[in-house]
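Where a number appears in this text, it was derived from the coordinates with a stated rule and is not lab data. Remember, predicted model here, so these are calculated numbers, not experimental data. As a convention, Cβ positions derive from the backbone with ideal geometry for all residues, glycine included, and neighbour counts pool all protein chains shown.
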Amino acid sequence: MAGHKLFFALRPDEETARRIARVVTAEHEARGLLPRLRPHHIFHITLHYFGYFDGEPDAHVVAGASRAAAELVRPAFDLHFDRFASWGDHRARHHPFVLTGGQGLEAVRELRDALVERLKAHGFAAPDRDYEPHLTLRYDKHPAPTWALDLPGWLAAEFVLVKSVQGQTRHDVLRGWPLQG
């Protein structure tokens, strides 16, 4: 049985994911970079990562996470990317190529912080590293320069609990929670 990763995420709709892929492909080509993007159907912004499970995710983790998520009441919001970045230093074996942003992703940070507070109230540990919201486009052996861009994201109207089946480039949504108005 394949292993799984479990995480909360914001996901674009199909049309938005395709639009992002088209814009990013053109941006890469304009800079002489190969646009070997991840499949657009798995584009997402991770809100909280629970880790890797050898088989199916632990049912108690899924149930507890679902209870915490159900308690969260937050408004829907527009998100927006303002730069492309390649993370990792020159010694890194692979560099995530990501879309990120400052003020355009502030509501994502606020949602993530509120979600973490609910998770802590249900006995989950706080993340051990800082959070910089991003959408991973691809990975590469070599870094690329950062550049500015103005790329509307989408209206974040729900967040979801995702089970990622390892080695299959597949994200199964286990459950979703609406963001109000």
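In segment 128-152, what residues are within 15 Å of the chain's Cα centre (by Cα), farther than 24 Å from Pro178 by Cβ and surrounded by 11 or more Cβ atoms within 10 Å (Cβ to Cβ)?
If the condition is that a residue be within 15 Å of the chain's Cα centre (by Cα), farther than 24 Å from Pro178 by Cβ and surrounded by 11 or more Cβ atoms within 10 Å (Cβ to Cβ), then Glu132, Thr136, Leu137, Arg138, Tyr139 are the ones that fit.
Of the residues in segment 60-83, how many are of a type outside the set (S, T, N, Q) and within 19 Å of His171 (Cβ to Cβ)?
Here the count works out to 5.
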Gly102 fails exactly one of the following numbered conditions: (1) under 24 Å from Pro145 (Cα atoms); (2) surrounded by 15 or more Cβ atoms within 10 Å (Cβ to Cβ); (3) under 19 Å from the mean Cα position of the chain (by Cα). What is the number of that condition? (2)
Just need a number here: residues in segment 1-19 that are touching a His at 6+ places or on another chain (Cβ under 7 Å) and either in contact (Cβ under 8 Å) with a residue 24 or more places away in the chain or closer than 28 Å to Ala68 by Cβ (or both). 6
So, of the residues in segment 107-124 that are among the charged types (D, E, K, R) and over 22 Å from Ala17 (Cβ atoms), which turns out to be surrounded by the most Cβ atoms within 10 Å (Cβ to Cβ)? Arg118
Does segment 163-181 hold any residues that are out of contact with any helix residue (DSSP H, G or I) (no Cβ under 9 Å at 6 or more places or on another chain) and hydrophobic (A, V, I, L, M, F, W, C), and which are they? Val165, Val173
Among residues of segment 7-50, those that are in contact with a Leu (Cβ under 7 Å, 6 or more places away or on another chain) and in a strand (DSSP E or B), counted: 7
